[in-house]
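Novice: Sharing a structure below in structure tokens format, with a few things to ask.
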Amino acid sequence: MPRPKAIEPGPGQESVWDYPRPPAIEPTSSLVRVEHGGRTVAETTRAIRILETSQPPGFYLPPDDVDLSVLVASSTATACEWKGMASYFDLAVPGVPVVADAAWSYPTPTPRFAAITDHLAFYPQCVDACFVDDERVEGNEGSFYGGWITSKVVGPFKGGPGSWGW
């Protein structure tokens, strides 16, 4: 399937088609929050955005700003051509079903991505809600990418059926 035409960003918006390859690393002071099972499991103004062509931004949160007591290491591991090997975590909030592989981290990323060492990223499609500056995030289609879609980014976004070859 050919890549669809990029959407022209409006004022205050970014197009994911303007993001670079290899991805850019961008600290953000936006308030980033993850909620699940009736509680806040992560909240920070020290997140790092990873900006890669065709994908909504991924948000990596410092471990000091994540409730690590609800994360359980899983056996899942994946490789990213840019960042290296990722380790995954199940989300185990008491009183709700465990969510397998809801978060991931790079314990020893490639040197270019050292800033995200041990930071946690969450799949918005796996948790009850994610927010950037109190705007509720929409997760991208599919289960491979953990991008966070807000009104400030436009696509089309890679991740849905037929988009693998974009």
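Novice: Translational diffusion coefficient of region 1-62 at 25 °C, 0.890 mPa s, Stokes-Einstein with Kirkwood Rh over Cα pairs, in µm²/s as a whole number. Don't skip to the end; give the middle numbers.
Specialist: Details: Rh = 13.4 Å.
My calculation gives 183 µm²/s for D.
Novice: Across region 68-73, in residue order, what do the Karplus-derived ³J(HN,Hα) couplings come to in whole Hz, using 6.51 cos²θ - 1.76 cosθ + 1.60 with θ = phi - 60° and x for Gly and Pro?
Specialist: 5, 5, 9, 10, 10, 4
Novice: Just how far, in whole angstrom, is region 129-166 from region 67-81 if you go by their alpha carbon centroids?
Specialist: Each part reduced to its Cα centre gives a spacing of 20 Å.
Novice: Still on this structure, please answer the following. Cα to Cα, under 13 Å, and not fewer than 8 places away if on the same chain: which aspartates and glutamates meet these conditions relative to K83?
Specialist: Counting by Cα, and skipping residues close in sequence, K83 has these aspartates and glutamates nearby: E52, D118.
Novice: Read phi for every residue in region 48-64 and hand back ³J(HN,Hα) as whole Hz from Karplus 6.51 cos²θ - 1.76 cosθ + 1.60, θ = phi - 60°, with x for Gly and Pro.
Specialist: These are the phi-based 3J(HN,Hα) values: 10, 8, 10, 10, 10, 2, 6, 10, x, x, x, 10, 10, 9, x, x, 5 Hz.
Novice: Of all beta bridges DSSP finds with both residues in the chain, what is the antiparallel percent, to the nearest 5? Display every interim value, and only then the final one.
Specialist: Numbers: 37 of 41 bridges.
So the antiparallel bridges amount to about 90 percent of the total.
Novice: Show log10 I(q)/I(0) for region 14-145 at q = 0.09, 0.14, 0.22 Å⁻¹, two decimals, from a solvent-free Debye sum over equal Cα scatterers.
Specialist: -0.23, -0.58, -1.56
Novice: Round to the nearest 0.05 the FRET efficiency obtained for S75 and I7 when R0 = 30 Å and r is the Cβ-Cβ distance. All intermediate terms of the calculation are to be shown ahead of the outcome.
Specialist: Working: r = 38 Å, r/R0 = 1.28.
So, using R0 = 30 Å, E works out to roughly 0.20.
Novice: Further question on the same structure: Counting Lys and Arg as +1 and Asp and Glu as -1, what is the net charge of the other residues whose Cβ lies under 15 Å from the Cβ of G38? Working shown, then result.
Specialist: Values: positive: R33, R39; negative: E35, E43, D67, D128.
Combined, the nearby Lys, Arg, Asp and Glu give -2.
Novice: Net charge near R49, counting Lys/Arg +1 and Asp/Glu -1 over other residues with Cβ under 12 Å of its Cβ?
Specialist: Around R49, the surrounding residues sum to -1.
Novice: Over the chain, what is the mean sequence separation of C-alpha contacts under 8 Å (at least six apart), divided by residue count, expressed as relative contact order in percent? Working shown, then result.
Specialist: Values: 392 pairs, mean separation 42.6, N = 166.
Once normalised by length, the contact order is 26 percent.
Just so you know, all these numbers are worked out from the coordinates, no wet-lab data involved. Since we're looking at a predicted model, the values are computed, not measured. Reconstructed Cβ throughout: ideal geometry from the backbone, glycine too, with neighbour counts over all protein chains shown.
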